[in-house]
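Encoded as structure tokens, the structure appears first; notes follow it.
Nothing in this text is a laboratory measurement; each read-out follows from the coordinates by a stated rule. Model, not experiment: these values are computed from the prediction. Don't worry about glycine lacking a Cβ; one is built from the backbone with ideal geometry, like all the others, and counts go over all protein chains shown.
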Amino acid sequence: MSEEKNVKLSSRILKALGLFLMIVFVIIMYIGFISNPMDLNLIILGMSGLFISVLLQSLAAKGVVKPEFVMISEIKCSSPKCDFHKFRLFKEGDYVYKKFGVCEKCSTGKMLIQNIIQMNEKEFKKIISNPK
């Protein structure tokens with residue numbers, strides 16, 4: 001709920017900033033056109049600023065949403081005869097090919113971290129609910 005408020009607030013701020021910048025850069029462009037002789041530097045600055053302000057407003061229209069990512073460790077048994085395989089949340093100190101503990105399935109091999117993966121939360125929930 002508070003995340004939605006933050007998104008709405010940040011998009012409002014971006015819209016206001018985009019509108020303010022648009023006004024400022026239109027004035028800069030106007031000054032460039034009315035100066036005698038025409039000041040091309042001000043005109044180019046005004047056009048670039050207009051581009052940036054439109055970009056900010058389009059970003060605000062989409063609503064900036066921070067994606068939720070989860071780090072997970074893929075664990076396998078080190079024994080070639082065992083097919084044990086599972087995923088767990090990443091723990092501090094995990095690294096690829098780290099061996100720890102005894103296999104939960106065969107009790108002969110050691111547990112081995114095969115991969116460390118970053119994925120969004122929805123994909124992680126799918127993997128956990130449908131293990132291979």
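What the table below lists for this structure:
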quantity	calculated
Computed lengthening from MET71 to PHE90, 0.36 nm per intervening residue step minus Cα-Cα distance	6.3 nm
Spacing of the two label points (7 Å from each Cα toward its C-beta) at ASN41 and PHE20, in nm	2.6 nm
Filter on LYS15/LYS126; LYS76/LYS126; LYS98/LYS125 - keep pairs with C-alpha separation over 26 Å	LYS15/LYS126
³J(HN,Hα), Karplus 6.51/-1.76/1.60, whole Hz, each residue of segment 90-106, x for Gly, Pro	4, 10, 4, x, 6, 8, 5, 6, 6, 9, 7, x, 9, 4, 6, 9, 9
Within segment 69-129: Cβ-based charge dipole about Cα centre, in debye rounded to nearest 20 (Lys, Arg +1; Asp, Glu -1)	160 debye
Nitroxide proxy distance, nm - points 7 Å out along Cα→Cβ at LYS99 and GLU121	3.7 nm
Extreme residue, positive dipole direction of segment 69-129, given options TYR95, ILE127, GLY109 (C-beta unit charges)	GLY109
Gain on full stretching of the segment that runs from ILE34 to CYS106 - 0.36 nm per residue minus C-alpha separation	17.6 nm
